[in-house]
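Q: First the structure, which I've put down as structure tokens, then a few questions once you've had a look.
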């Protein structure tokens, strides 16, 4: 369900990141920045395909770092509220741990994004901290708190299969 992104996928990624409802939570990076991630050996941009084509994307950073702590960022689905979030996130975790060899996968979320925080909690992430008044969000015109989440390899290994994966 996950595949490496290519330059052809950049318009799809920008279309999701550029949606007004995503602006408070996802940075819509310009095409040159996305192309730089595609060429960066310490980054992986992946496309999640579900059914008829691309349905989501994510960016993994710090791949190959000696700590084996991989950051998962810029993850988004084409649509929300249809129950695909857990399956998408599990596919990303499986990729991070099984394919990238991570010992730890971590991510952050705006404190004003309760849907994401619920999704991360349900997926088995641990809330590890809060950076108060840390992230300026132009779409909101203010600085918000950032919530830090992490999962260790041993926690991933002990996850129960999702019903759709059984």
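Q: Of these, 45, 10, 63, which one is in a strand (DSSP E or B) and either within 26 Å of residue 156 (Cβ to Cβ) or without any contact (Cβ under 8 Å) to a residue 60 or more places away in the chain (or both)? Let's see the steps before the verdict.
A: Details: 10 fails: in a strand (DSSP E or B); 63 fails: in a strand (DSSP E or B).
Criteria check complete, one pass: 45.
Q: Filter the stretch 110-126 down to residues that are in contact with a strand residue (DSSP E or B) (Cβ under 6 Å, 6 or more places away or on another chain) and in contact (Cβ under 8 Å) with a residue 60 or more places away in the chain and give me whichever is surrounded by the most Cβ atoms within 10 Å (Cβ to Cβ).
A: So, considering only residues that are in contact with a strand residue (DSSP E or B) (Cβ under 6 Å, 6 or more places away or on another chain) and in contact (Cβ under 8 Å) with a residue 60 or more places away in the chain, the one surrounded by the most Cβ atoms within 10 Å (Cβ to Cβ) is 116.
Q: Conditions: (1) in a strand (DSSP E or B); (2) surrounded by 15 or more Cβ atoms within 10 Å (Cβ to Cβ). Residue 129 meets all but one. Number of the miss?
A: Residue 129 satisfies every listed condition except (2).
Q: Right, next: I need a count of the residues in the stretch 50-60 that are in a loop (DSSP other than H, G, I, E, B) and either modelled with pLDDT of 95 or more or within 17 Å of residue 85 (Cβ to Cβ) (or both).
A: Here the count works out to 1.
Q: Any idea which of 148, 107, 92 is at pLDDT 95 or above, closer than 24 Å to residue 17 by Cβ, in contact with a helix residue (DSSP H, G or I) (Cβ under 8 Å, 6 or more places away or on another chain) and surrounded by 16 or more Cβ atoms within 10 Å (Cβ to Cβ)?
A: Step by step, each of 148, 107, 92 is checked, and only 107 is at pLDDT 95 or above, closer than 24 Å to residue 17 by Cβ, in contact with a helix residue (DSSP H, G or I) (Cβ under 8 Å, 6 or more places away or on another chain) and surrounded by 16 or more Cβ atoms within 10 Å (Cβ to Cβ).
Q: Please name all residue pairs, on different chains or six or more residues apart, with Cβ atoms under 6 Å, provided the first residue is in the stretch 22-41 and is in contact (Cβ under 8 Å) with a residue 60 or more places away in the chain and the second residue is part of a loop (DSSP other than H, G, I, E, B) and surrounded by 12 or more Cβ atoms within 10 Å (Cβ to Cβ).
A: Cβ pairs passing all conditions: 23/139; 24/139; 24/140; 25/113.
Q: Now for a separate question. Could you tell me whether residue 26 is within 21 Å of residue 115 (Cα to Cα) and at pLDDT 95 or above? First the steps, then the outcome.
A: Numbers: within 21 Å of residue 115 (Cα to Cα): yes; at pLDDT 95 or above: no.
Taking the combined requirement at face value, the residue does not satisfy it.
The values are calculated or read from the model by the stated rules, or taken from the named source; none is laboratory data. Predicted model, so just to flag it, every value in this text is computed and none were measured. FYI the Cβ positions are ideal-geometry reconstructions off the backbone, even for glycines, and counts take in every protein chain you see.
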